[in-house]
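Below: one structure, written as structure tokens.
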Amino acid sequence: MVDWQTISAFATACGTLVLAAATFTAVRSSNRSARIAEQALLTGLRPLLVTSRADDPDHKVVWYDHKALLSGGRAIAEHDGGTIYFAIGLRNVGTGLALLHGWSPAPKWLHADDPHADIDAFRRLAIDLYVPPNGSGYWESALRGEDDPLYGEFLRVLAEHQPFTIDLLYGDQDGGQRTISRCLVLPAKDDGWYGQIARHWHLDRADPR
């Protein structure tokens, strides 16, 4: 005799199992789609800074007590009136607006494999600086007075026209996707300076290496 109650219960259980499997697959697919969409959105907002090109336009760099003209591919390191002024010409080769957050100076040549400073040790910029996607801009800051522990060392570097390092901290327009780009500031034959990017570190996602 056929036990229809058992068959019905078994069929219900099979149906529930199939529904659960379909739901699990749909959820996984939905999550994967959401991750892909989020990644695509972040990629569209992601900046990446390199030094500017020689044919990029000049930028007028203004501190509250100093000003200078910064040409494409060049950097500025000037000592005037007890203050050392710095600027680096930049180009954003990423797809998102770059918002500069801070900087970490080193009065020597740091190699690409030398670690960057702790994030809390980066010096905050006095003003917000932006570099548009596929456009040029600059970073600027200064060491003011002998009270700064690096002031004397940088005076020597400038006097001897020796290379030094500036690590730049920046992110996207929402403050995410933080990146550190190491810029070597190298002496030029005309007694000026030019910049060269040596390494990038991603702080909010996996590094590219």
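Length gained on full extension, residue 186 to residue 204: 3.5 nm, using 0.36 nm per residue less the C-alpha separation. So if the hydrodynamic radius of the stretch 148-195 is defined as the Kirkwood radius over C-alpha pairs, what does Stokes-Einstein give as its diffusion coefficient at 20 °C and 1.002 mPa s, in µm² per second? Translational diffusion coefficient: 170 µm²/s.
Using mean Cβ contacts within 10 Å as the protection proxy, how do 177-187, 55-65, 71-81 order, highest first?
Working: 177-187: 20.8, 55-65: 13.5, 71-81: 17.5.
With the highest mean Cβ count within 10 Å placed first, the list reads 177-187, 71-81, 55-65.
With R₀ set to 25 Å, the beta-carbon distance separating residue 134 from residue 67 gives a calculated FRET efficiency near 0.40.
A viscosity of 1.002 mPa s and a temperature of 20 °C, combined with the Kirkwood radius over Cα pairs in Stokes-Einstein, give a translational diffusion coefficient for the stretch 49-202 of 138 µm²/s. Over every Cα atom in the stretch 51-139, the radius of gyration and the widest Cα-Cα span, Dmax, amount to 13.8, 40 Å.
Here, each number is a calculation from the coordinates, and none is a lab measurement. Please read all numbers here as calculations on a predicted model, not as lab measurements. We place every Cβ from the backbone using ideal geometry, glycine too, and count neighbours over all the protein chains shown.
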